[in-house]
Amino acid sequence: MRILFVTSEAFPLIKTGGLADVSGSLPAALQDINADVRILIPGYPAVLNKLANPRFLTTISNLPNVGAVNLIIGEMPETKVPVMAIESVGLYQRDGGPYVDATGKDWEDNPTRFGILSLVAAILSDEKSPLADWVPDITHCNDWQTGLTPAFMHFMSARRTQMKQAKSVLSIHNLAFQGCYGAEWVGRLGLPADSYQINGVEYYGQLSFLKAGIFYADGLSTVSPNYAKEIQTEAYGFGMQGLLTARGKEIHGILNGLDTQEWNPATDPYLAKHYDVNNLDGKQAVKQALQNKLGLKVQAETPLLGVVSRLTYQKGLDMLLSCAEALIKEHNCQLALLGSGDTNFEQGYRELAKRFPNQVSVTIGYNEELSHQIMAGCDIFIMPSRFEPCGLNQMYGLRYGTPPIVTNTGGLADSVQDCNEINLKNKTATGFVMPKADPKALVSAIARALSFYQDESKWKSIKENGMRQNLDWTKSAKAYLTMYQALLKK
Ligand code: ADP
């Protein structure tokens, strides 16, 4: 089966969040079960620099607003999955992030940048593709940035009477980001004028890339079974619940896996010492090295709480900020936080670190190395998200013997088993699940976790239960393949 995996970020080429992790791992896992997968991604400078063995593949011309772009083919550095990067000086070759400039402002031409990504994917999915020897069976799109692909594919196929075209799949990694732009973009991107309607790409008076994808895709999936249900409700549907409910039976909830080579405490090159489930001794040394590095008081027995996250309302880190001072005073614990996001949150955490220099370390920014060290060196990982499609960090916490505290939502609820009596007895308890996202629930979950932390043997067994979980991609990749096969039979 040929699969074109279309994405706006993929680790290790370029990463801003969980989508990159999935785009780095899932295609490789599909390749391992004999699928013929290629990734399609914008040619940002980092992508073109890191691509292994890059060479010119073809030119695609007559694109709206940009004219022609080149396709460069190469491979993922480690997994060797083939990658096609869209080279366009005007669209992608600039400093700054994939979505925002250096000041954090969205690039004004994002509708063109991701409209062209979507359109190129559709052109490559068509029997008239310039790559006649590699036309996919499945075109797997991810999030709003690729949401117009199923729409373009739909209109291309409508123009022909007989044709072979790939089936489109859209995976929703986060419904909160919907790619909404003015109606003028319908014409500017070459979509038919009559697609701008409720049964089409229109969404509350705008063009929505994500809605277009949800409406036109042949198949839909999201990144956890629980989130697949939640997005069909008003509380989590971000206005799309009506459409999602109408297609409810077709939405597959498939929990993300982890790149278990990249995230392995037994081999992680960023760690001062290695450890595994059979010998956890090294974890203490990693904690000590982390306390040292971050200027925290080096104390083995002091519980160290960790956060690695975008600092946003979604992630519930305002709740942690509101109770952090009381927690630190009452429990004499430490906090190591790494993240960036809302200026207010960044400022609030910086001030907290100033008030408690020996107990709180705050690093604002993006830092791959430190994220691994926090995952491994902390005792408890905190992730009180208000909603969380899947979440990867709680799973990294499980894998690194750092039990997570999470909210009972989305993929967090699917991946963490609370330390209640039954789970403890069955040896399935792996973390602490807050019944809802509020500061009181967070304070009580942290207090509960810290009381378990004092009981050495119980704590060891909770860590071990988490570390024994099978979190790799094999099972999920098979679930995607089954979904693709069912679509092709339709
Ligand atoms: P989301 O995609 O919503 O941001 P996820 O938990 O699904 O959240 O994935 C976040 C990914 O980004 C994880 O791999 C996490 O380690 C990483 N990450 C988030 N913030 C940072 C940061 N400041 N530095 C390094 N890695 C980060």
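Quick rundown of the values:
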quantity: Qualifying positions in region 376-401 - touching a Lys or Arg at 6+ places or on another chain (Cβ under 8 Å) and assigned to a helix (DSSP H, G or I); calculated: Ala376, Gly377
quantity: Test for Asp32: is it surrounded by fewer than 17 Cβ atoms within 10 Å (Cβ to Cβ) and touching a Pro at 6+ places or on another chain (Cβ under 9 Å); calculated: no
quantity: Asn367 vs. criteria within 17 Å of Ala289 (Cα to Cα) and surrounded by fewer than 17 Cβ atoms within 10 Å (Cβ to Cβ); calculated: yes
quantity: Among residues of region 323-339, those that are open to solvent by less than 50 Å² (accessible area, probe 1.4 Å) and either within 16 Å of the ligand (Cβ to nearest atom) or at positive phi (or both), counted; calculated: 5
quantity: Matching entry among Val169, Val186 (being touching a Leu at 6+ places or on another chain (Cβ under 6 Å), aliphatic (A, V, I, L, M) and either within 30 Å of Gln241 (Cβ to Cβ) or open to solvent by 30 Å² or more (accessible area, probe 1.4 Å) (or both)); calculated: Val186
quantity: Subset of region 212-253 [open to solvent by less than 10 Å² (accessible area, probe 1.4 Å) and over 17 Å from the mean Cα position of the chain (by Cα)]; calculated: Ala212, Gly213, Ile214, Ala217, Gly219, Gly237, Met240, Leu244
quantity: Filter result (near the ligand (Cβ under 10 Å from one of its atoms) and of a type in the set (Ser, Thr, Tyr)) within region 374-433; calculated: Ser385, Tyr396
quantity: Residue selected from region 2-45 under the condition away from the ligand (no atom under 16 Å from the Cβ) and of a type in the set (Phe, Trp, Tyr), by the criterion farthest from Ile116 (Cα to Cα); calculated: Phe5
quantity: Region 254-265, residues that are out of contact with any Gly (no Cβ under 9 Å at 6 or more places or on another chain) and open to solvent by 20 Å² or more (accessible area, probe 1.4 Å); calculated: Thr260, Gln261, Asn264
quantity: Set Pro27, Pro12: member being touching a strand residue (DSSP E or B) at 6+ places or on another chain (Cβ under 8 Å), in contact (Cβ under 8 Å) with a residue 12 or more places away in the chain, of a type outside the set (Val, Ile, Thr) and outside any strand (DSSP E or B); calculated: Pro27
quantity: Close pairs (9 angstrom Cβ cut-off, 6 or more residues apart or separate chains): over 19 Å from Asn393 (Cα atoms) in region 291-308, among the basic types (Lys, Arg) and surrounded by fewer than 14 Cβ atoms within 10 Å (Cβ to Cβ) anywhere; calculated: Gln291/Lys297
quantity: Helices (runs of 4 or more DSSP H) contained in region 157-276 and holding at least 2 residues on the phi > 0 side of the Ramachandran plot and either at pLDDT 95 or above or assigned by TED's automatic domain parsing to the domain that holds Thr7 (or both); calculated: none
quantity: Flag if Gln485 is in a loop (DSSP other than H, G, I, E, B), at pLDDT 95 or above and open to solvent by 30 Å² or more (accessible area, probe 1.4 Å); calculated: no
quantity: Subset tally (residues that are more than 16 Å from the ligand (Cβ to nearest atom) and either open to solvent by 60 Å² or more (accessible area, probe 1.4 Å) or of a type in the set (Phe, Trp, Tyr) (or both)) for region 284-322; calculated: 7
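The values are calculated or read from the model by the stated rules, or taken from the named source; none is laboratory data. The shown structure was predicted, so the numbers you read here are calculated from the model rather than taken from an experiment. Cβ coordinates were reconstructed from backbone atoms using ideal geometry, including for glycine residues, and neighbour counts include every protein chain displayed. Each accessible area value is taken on the protein alone, full model and side chains, heavy atoms only, with ligands, DNA and RNA left out. Shrake-Rupley method; radii C 1.70, N 1.55, O 1.52, S 1.80 Å.
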